[in-house]
Every structure is written in structure tokens, then in C-alpha cells.
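In what follows, a single structure is set out as C-alpha cells and then discussed.
The values are calculated or read from the model by the stated rules, or taken from the named source; none is laboratory data. Keep in mind that what you see is a predicted model, and the values were worked out from it rather than measured. Cβ: placed from backbone, ideal geometry, glycine included. Neighbour counts: every protein chain shown.
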């Protein structure tokens, strides 16, 4: 999968220029094929969340080259570095406004039951390893993985905030522009997963922060997407603060974009 860049001058779109190729292009096996793209505050680098090519490395670690990672791309020359690794499927990248740290939401592994493993929200440190596939939520070893890598597990960083098992977070945005009724913190779109009964996720939540760190309990912002028969009538994906005190939510089942505002503005 390539990254292309283009510019619009005087209403006319320029021809796109390929920046670089990403893992997965031309591969017959390309699990977690979508990519999350984010730009640094100064515009000099791109950050790309690339999911794993498997659940727990069962296709061989050679299939995971530069995957389960956040990559840093220099658009000037196409050079790619691994910014952080061991993140099974990192999505929803954003900069935390108090600390300027990079944060992401991560979809964790399957097939350990309905209540394991927690998907999470975490700060992402340069050169840090977050455990996948050898361990989860820090240094909890996944005994299904072979061969084991205890030396890597010993270095695994624990995530900052558990969102719940199989909630499938796909979008995350900090409340930079001040959505009315919410303070410091992050909005997260929980897409929901097939891999749990009863269903979990299928809502938009808010994680309160204080001084750049998560504090307190999750607050539900938007729900009601699952009907009484267990059918999903909507599934939140991306979330964005629109700068006018509203929250935008993309819904890939309802094929809609919702805008959330205080009742007094409706």
C-alpha cells in the first residue's frame, strides 16, 4: 500500500506524488490491511499505524516485518523508521495537547475468551515495545505463541488505559477545540467486535484526562446502536472535534456522519 501526497493550487488538484510504500503491498496475505495516517504538528513527518498480519504471529514473524507498529515516515525522501512496536493493531492516532505526546488506541488479540484481552488507549513512546505477540497488557505472557521471546517480554511497556475486551476502538481524538460539556480528555469510537458475546463496544466514549494522563472512569457519549435483537444498526469508526463545539462520528453501518452537540444548540 503506497502513500501519495498531492497539493491543490488555485482550485486545481496537482498530480499526486508517491511518498513511500507501506507493508502489505503485493502480499497475498494482508491481514489488518487498513492504515491510520497522522501528521506531526510541524508537518515534517507522517505517522502510520500498521496492524499485524495475524492474530498472534501464527503466519510466522517474517510476515510481520514493520507491522504491528507505528511507523515514522519522512515525506521528503520516503524514509521509514519504526517509531514503536508490539502494537497489534494501532489506530486513531492523535497528539495529546498538554504534553504533545503521541497517543493511539490499539485492538488487541482474539481467541482468549469474551473477557480477554483488553483493547486499550496508550501514550506511544519512541522505540518502545508493547508486547505483541509474546505478551499482552505489559508482561502477561501469551503461552500460545511459539517460540517465546522472554527477553522482549521483559521490556514490554504496559498501556495507560484499558477500554474493555473486544470493543474494537477505531477512532480517537483529543478534545482540543473544546466540545461543549467535556473538558480535558479523549473521545474514542468503539466499533465493536464479532469476537464477544454479549456484544461489547458499539458506542462513542470519553476518557477524562488530568495534566496529560487518563483519570477517572469512561463516560458514554453516544450509544444505542444495537437493537433489542442484537443487531448492529450502526458502528462508530472515526471521531473528530469540529472546532465549533461539536463532535463528528463516522458510522460505517449507517453510512452516516453524526454530529453531537449540547441539547441547547439543537
**Request:** Could you grab me the full set of residues in the range 211-234 that are closer than 19 Å to residue 93 by Cα and assigned to a strand (DSSP E or B)?
**Result:** 213, 214
**Message:** So, in the range 183-198, how many residues would count as being in a strand (DSSP E or B) and closer than 19 Å to residue 216 by Cβ?
**Reply:** 5
**Prompt:** If you check 87, 102, 93, 121, which single one turns out to be at pLDDT 95 or above and farther than 26 Å from residue 196 by Cα?
**Reply:** 102
**Request:** Identify the single condition in (1) in contact with a helix residue (DSSP H, G or I) (Cβ under 6 Å, 6 or more places away or on another chain); (2) closer than 21 Å to residue 260 by Cα that residue 139 does not satisfy, given that it satisfies every other one.
**Result:** (2)
**Asked** Would you say residue 39 is at pLDDT 95 or above and surrounded by fewer than 19 Cβ atoms within 10 Å (Cβ to Cβ)?
**Response** no
**Asked** Taking the condition part of a loop (DSSP other than H, G, I, E, B), more than 30 Å from residue 112 (Cα to Cα) and at pLDDT 85 or above, does residue 20 pass?
**Response** no
**Fill in**
Within the range 245-266, the residues that are in contact (Cβ under 8 Å) with a residue 12 or more places away in the chain and either surrounded by fewer than 16 Cβ atoms within 10 Å (Cβ to Cβ) or assigned to a loop (DSSP other than H, G, I, E, B) (or both) are 245, 246, 252, 253, 254, 256, 259, 261, 262, 265
**Request:** Check whether at least one residue in the range 163-186 is surrounded by fewer than 20 Cβ atoms within 10 Å (Cβ to Cβ), within 17 Å of residue 108 (Cβ to Cβ), in contact (Cβ under 8 Å) with a residue 24 or more places away in the chain and under 15 Å from the mean Cα position of the chain (by Cα), and report yes or no.
**Result:** yes
**Message:** Pairs needed: first member in the range 12-40, farther than 24 Å from residue 101 by Cβ; second member anywhere, modelled with pLDDT under 85 and part of a strand (DSSP E or B); C-beta distance under 6 Å; at least 6 residues apart or different chains.
**Reply:** 16/4; 17/5; 18/2; 18/4; 19/3; 19/5; 20/3; 21/2
**Prompt:** Before we move on, is residue 44 more than 25 Å from residue 117 (Cβ to Cβ) and assigned to a strand (DSSP E or B)?
**Reply:** no
**Prompt:** Any idea which of 180, 237 is outside any strand (DSSP E or B) and farther than 28 Å from residue 141 by Cα?
**Reply:** 180
**Request:** Kindly list, by first and then second residue, each pair from a residue in the range 145-158 that is within 19 Å of residue 125 (Cβ to Cβ) to a residue that is modelled with pLDDT of 95 or more and outside any loop (DSSP other than H, G, I, E, B), limited to pairs with Cβ atoms under 7 Å and residues at least 6 apart or on different chains.
**Result:** 152/129; 153/135; 153/141; 155/129; 156/129; 156/135; 157/129
